[in-house]
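Notes follow once the structure below has been shown.
The values are calculated or read from the model by the stated rules, or taken from the named source; none is laboratory data. A quick note: this is a predicted structure, and the numbers were derived from the prediction, not measured. Please note: Cβ atoms are built from the backbone with ideal geometry, for glycine as well, and neighbour counts cover all protein chains shown. With ligands, DNA and RNA removed, areas are computed over all heavy atoms of the protein, side chains included. Shrake-Rupley method; radii C 1.70, N 1.55, O 1.52, S 1.80 Å.
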Amino acid sequence: MLQQFNRRLERFLPLLTPTSVLIGVLLGNHLSGFTFLSTWIFAFMTFSGSISSSFKEFIKVLTQPVPLFITLLILHIIMPLVALGAGHLFYAQDAFTMTGFILAMAIPTGISSFVWVAIYKGNTALTLSIILIDTILSPLVVPYTLSLLVGTQVEMDTYAMMRGLLLMIVLPSMLGMLLNQWTGGGIRDHWGPRLSPFSKIAMGIVVAINSS
């Protein structure tokens, strides 16, 4: 029953994000008070995805890092430059919008990308590695990218940011991979299909809350 529900959610997934954004905007006054839940919802999504990976697969990605480096190059050099070009082309007189474009490209890769990779049977170990490393580097990458491309010095509460990312990404990932390793993949086979639909619902909820 859960697998059938999961397949229906997968068909609806392309509409999930815009629908959740619309709900968040329309119900902003009601949902904004639940912002504190975002961290724990993200943590659940990360854990749900990471149980399909193992430390062995993670280490394999690190020892064959070319795809990882290429992805990070695209994410943090090419895409911010594309955003800078688009900003100059369409919003040359609006520095705030231009900065927003660049910031959107500079922030860490979201765990929601893992959901898409899992649906289309992609390399989940590589995806999780990108998310983890990108998260760890983000306190350095985001301010430096804005400083270099916009000329703006950005002050960030690095401790608070790292604490949030640790709770949302790093610890759930480590726990999920540890349980996968410990059970010999049993948790992936048993709980993966059960958690998958709830992970997609969680993604819609967190998008709605953040949009509020």
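General remarks:
- Inter-probe distance in nm under a simple model that places probes 7 Å from Cα toward Cβ, at THR39 and LEU13: 2.8
- In degrees, nearest ten, helix 95-106 long axis to first principal axis of the chain (Cα): 30
- Considering every alpha-carbon pair of the range 1-116, the percent of pairs per 5 Å bin, from zero through the bin containing the longest distance, is 2, 9, 10, 14, 18, 18, 15, 9, 4, 1, 0.
- On the chain, 70 percent of the accessible area sits on carbon and sulfur atoms, based on a 1.4 Å probe.
- Sorting the segments 174-180, 127-133 by their mean number of nearby beta carbons within 10 angstrom, highest to lowest, gives 127-133, 174-180.
- Ranked from largest to smallest solvent-accessible area, with a 1.4 Å probe on the protein heavy atoms, HIS30, HIS88 come out as HIS30, HIS88.
- Semi-axis lengths, largest first, of the ellipsoid equivalent to the range 166-212 are 25, 15, 4 Å, with √(5λ) applied to each eigenvalue of the Cα gyration tensor.
- The HN-Hα couplings worked out from phi for the range 66-74 by the Karplus form 6.51 cos²θ - 1.76 cosθ + 1.60 (θ = phi - 60°) are 4, x, 5, 5, 5, 5, 5, 4, 5 Hz, whole numbers, x standing for Gly and Pro.
- Looking at the chain, the accessible area is 58 square angstrom per residue; that uses a 1.4 Å probe and ignores ligands, DNA and RNA.
- With the alpha-carbon atoms of the range 27-83 aligned to their principal axes, the span from lowest to highest coordinate is 47, 34, 12 Å, starting with the largest.
- Whether the range 90-139 is rounded, prolate or oblate, judged on the alpha carbon gyration tensor where a/c under 1.5 counts as rounded: oblate
- LEU22-PHE55 pseudo-label distance in nm [points 7 Å out on the Cα-to-Cβ vector]: 4.7
- A simple rule links phi to the HN-Hα coupling: the Karplus curve 6.51 cos²θ - 1.76 cosθ + 1.60 with θ = phi - 60°, which for the range 173-186 gives 5, 4, 5, x, 5, 5, 5, 4, 5, 5, 8, x, x, x Hz, with x for Gly and Pro.
- Helix-only arithmetic for the chain: the sum of -39500 (n - 2.57) across DSSP H runs with n ≥ 4, divided by the residue total, places the mean residue ellipticity at 222 nm at -25000 deg cm²/dmol.
- All-pairs Cα distance distribution in the range 7-58, expressed in whole percent, bin size 5 Å: 4, 15, 13, 21, 21, 13, 7, 4, 2, 0
- Computed over the chain, relative contact order equals 46 percent, with contacts defined as Cα pairs under 8 Å that lie 6+ residues apart.
- The chain: radius of gyration and largest Cα-Cα distance (Dmax), Å: 18.1, 57
- Multiplying the residue separation of LEU68 and LEU81 by 0.36 nm and subtracting their alpha-carbon distance yields 2.7 nm.
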